[in-house]
């Protein structure tokens, strides 16, 4: 098949998947990368310890870049205050992904899984953006609310004014409760909801300066979900977003534009361990 027709076929397949609400569980990387076309914001999720999903994501992203796309790559794995360290490391050793990670990466991540994304950015000289709200800053919000961290002007720029929408509160509460085996401490809920909203709003803000060239977000599936994640904070820009979840089971309708179901990682059942006698 001629290249032009092949590309058109892939775009048609991607459009069909998006329209069908992710009916096909495992679209190939070529189909996923075709869905990036024309989207200023491409949000690529993950289960943090699932190497198979991260490899599928890398394959789709690498394919798009190799075909000429030159987006900025924003990563949850770098806290926003480490941007200067990223930039300095790039000046000192422009192609050394290991050096950049040593200079700017924290200790909470399995960096061998993320090194290929960093290396891709360096190989093609793409902007690499520290996108995350740090654990310390999130803790300030949990303990003292949004005003503990942000000025009124900053809250306005982030869209963090007024009460959180009820549907967002309900969905995020359910996520937090599942993550804590049904034992989430209710007294902490308002602070945790505010902190989660702040993380997503900060990630959205990190993407906006790069919309003209394209911006990719590498983050956990919860952050790229359309119903509760970063798209909620790209006010007015949500139609310019494609959200791809790399998930271990089929998601609910409306969570992602496209879902890639990958084999689940075997893990200990922490909820079972938390039960008496478990």
Original post:
Dividing the Cα radius of gyration by the Kirkwood radius, what Rg/Rh value follows for the range 124-278?
Top reply: 0.98
Original post:
What is the spin-label model distance, in nm, from residue 163 to residue 271 if the labels are put 7 Å beyond Cα along the C-beta direction?
Top reply: 2.9
Subject >> Cα shape, the range 51-147, gyration tensor, a/c 1.5 rule >> reply: prolate
Original post:
For the residues 213, 90, what sequence is obtained by ranking on other C-beta atoms within 10 Å, fewest first?
Top reply: 213, 90
**OP:** Could you sort 53-62, 182-191, 123-132 so that the peptide with the highest average Cβ count within 10 Å comes first and the rest follow in order?
**Re:** 53-62, 123-132, 182-191
Original post:
How far apart, in nm, are two points set 7 Å out from the Cα along the Cα-to-Cβ line at residue 178 and at residue 156?
Top reply: 3.8
Original post:
What is the extension gain from residue 37 to residue 95, computed as 0.36 nm multiplied by their sequence separation minus the C-alpha to C-alpha distance, in nm to one decimal?
Top reply: 18.1 nm
**OP:** Using only the alpha carbons of the chain, determine the length spanned along each of the three principal axes and report them from longest to shortest in whole angstroms.
**Re:** 61, 45, 41
**OP:** Quickly estimate the mean residue ellipticity at 222 nm for the chain, helices only: each DSSP H run with n ≥ 4 gives -39500 (n - 2.57), and the total goes over all residues, rounded to 500.
**Re:** -14000 deg cm²/dmol
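No value in this document is a laboratory result; all are computed from the given coordinates. Keep in mind that this is a model prediction, so the values were computed, not measured. Using ideal geometry, Cβ is built from the backbone for each residue, glycine included, and neighbour counts are taken over all protein chains shown.
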